[in-house]
Amino acid sequence: MQNYELMIECARKSLILQSKKSILLTNSTKNRQKQTLLSVFGLILGAISLCTACSSEKKEKVVTPWGEVNDTIPEGDVFDLDQIMANGEIIVVTTSGPTTYYDHRGKQLGLQYLMVQKYAEGIGVGVRVEICRDTADMIRKVAVGDADIVAFPIKKKDIRLTADSAKSVVLCGAGNDSIGQWAVNSEKKKLISSLNKWYKPEIMAETKKEEDFILSTRSVVRRVYAPMLNKKGGIISHYDHLFIAYSQPIRWDWRLMAAQCYQESTFDPKAKSWAGAQGLMQIMPSTADMLGLPRDKIYDPESNIAAAAKYLGQLEAKFKDIPDRYNKQNFVLASYNGGYNHIRDAMALTEKHGGNKHSWDDVSQYVLKLANPQFYGDPVVKYGYMRGSETEDYVRKIRQRWQSYKGVKSPHTGYQGMMAKKAKKHKKKYDI
């Protein structure tokens, strides 16, 4: 743009200069000079047009997590299935909720989202999710082309109520008007056809079974070791020396870390969850990257515990507004399990409803309520639905086990280098 303005300015100054000279010229000379100036000016305008045309061809490259996007679709054309596949991304709108979309321990879940993910994998693209507040907002986004699919059970009346978008949106996939269907822009004929062929009733049933398994304890691969290795000898686990060493820099009771470790992995260094969390302290690969823990070291007991201690320290630093240490540690434990942003949402709800947002007793009640649409749909909630019962249970059980560990004194030496052994079988399962 600056080059165009400079060229135009030069042309303007040239015209002024030539005009001044023309006063001294004869009429015939004036005519010839004017013709020359017009020719020069025409050449300048031609050059500007050429530059404009060239620059319009040079579009900025867009890079997504799935590679470079070659968006060469002319304006006005329909962004249908072929273009979605070439772009490498399908944009989905839905709401936050247990059956639609939510984040749980760093994993995206929700029946509608998991089905979209299955479809996207089938056509070889990634998924971008945009959360909307209501059905009207979702329908409008699809109608104007800002999204490709409404992954939410939409009914015909929902479309009729959005009068300005009614003719631009159609329902597709399995379902009927009593249970709802997905919605797509009516001009995307290939996408509609593809979804109608793929989205059969059995897809929803299969995905629901998979989600149920993911959320069950059966999805966690681990051996259950005894919560106290040697009660008489005051030994909690084979890793007590590591808890002692790495709890000191963050000024935590090593027995609290031990209690947390048992809740995470039952002291199994090879434990792995459905979400990909690994090792004694169940660290996610993405969290390991953030903490500087090499992925080939995640299952190493010392590296895993050291990284977990570092993460606990980082989370505690985010709760400087909580003065009481006991309460602060509860918030840290809850964030470790359920996510820092969800806990801040619960704190905002607590404050809005007149509670003490710095008290875990108060906030834990709203952690539980974040499973209720009335609360996760509140304007002060930024991160939507949460499986709060798991997080509340997580903190409560760790504190209970810590109470049982409090009588254990810090050991001196004797088992630092011992490897974990499988616990003897008991008639009753341990309370995990």
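The values are calculated or read from the model by the stated rules, or taken from the named source; none is laboratory data. None of the values given here were measured: they were computed from a predicted structure. Here the Cβ is made from the backbone with ideal geometry for all residues, glycine too, and neighbour counts use every protein chain on show. Accessible surface is based on the protein model in full, side chains and every heavy atom, while ligands, DNA and RNA are left aside. Shrake-Rupley method; radii C 1.70, N 1.55, O 1.52, S 1.80 Å.
So which helices (runs of 4 or more DSSP H) stay within segment 284-375 end to end and still have 3 or more residues that are under 30 Å from Thr100 (Cβ atoms)?
Answer list for segment 284-375: 285-291, 325-338, 340-352, 360-369.
Taking segment 92-127 as the region of interest, how many residues are touching a residue at least 24 places away in the same chain (Cβ under 8 Å), more than 20 Å from Ser193 (Cβ to Cβ) and part of a helix (DSSP H, G or I)? Qualifying residue count for the region: 4. Looking only at segment 394-407, decide whether some residue is part of a loop (DSSP other than H, G, I, E, B) and surrounded by fewer than 18 Cβ atoms within 10 Å (Cβ to Cβ). Looking for residues that are part of a loop (DSSP other than H, G, I, E, B) and surrounded by fewer than 18 Cβ atoms within 10 Å (Cβ to Cβ), one finds at least one in segment 394-407, hence yes.
Checked against (1) among the small types (Gly, Ala, Ser); (2) closer than 20 Å to Arg399 by Cβ; (3) open to solvent by 60 Å² or more (accessible area, probe 1.4 Å), Ser286 meets all criteria but (2).
Out of the residues in segment 172-199 that are among the hydroxyl-bearing types (Ser, Thr, Tyr) and out of contact with any Ser or Thr (no Cβ under 6 Å at 6 or more places or on another chain), state the one that is surrounded by the fewest Cβ atoms within 10 Å (Cβ to Cβ).
Applying the filter and picking the extreme gives Ser178.
Pairs are defined by a Cβ separation below 7 Å, a sequence spacing of at least 6 or placement on different chains, a first member in segment 323-343 that is more than 24 Å from Leu109 (Cβ to Cβ), and a second member that is open to solvent by 10 Å² or more (accessible area, probe 1.4 Å) and among the hydrophobic types (A, V, I, L, M, F, W, C); the pairs so defined are Asn327/Trp360; Asn330/Trp360. Scanning segment 128-143 for residues that are touching a strand residue (DSSP E or B) at 6+ places or on another chain (Cβ under 6 Å) and in contact (Cβ under 8 Å) with a residue 40 or more places away in the chain, which turns out surrounded by the fewest Cβ atoms within 10 Å (Cβ to Cβ)? The selected residue is Lys141. Out of Gly292, Gly339, Gly276, one residue alone is open to solvent by 10 Å² or more (accessible area, probe 1.4 Å), under 24 Å from Trp402 (Cβ atoms) and either modelled with pLDDT of 95 or more or in contact with a strand residue (DSSP E or B) (Cβ under 8 Å, 6 or more places away or on another chain) (or both). It is Gly339.
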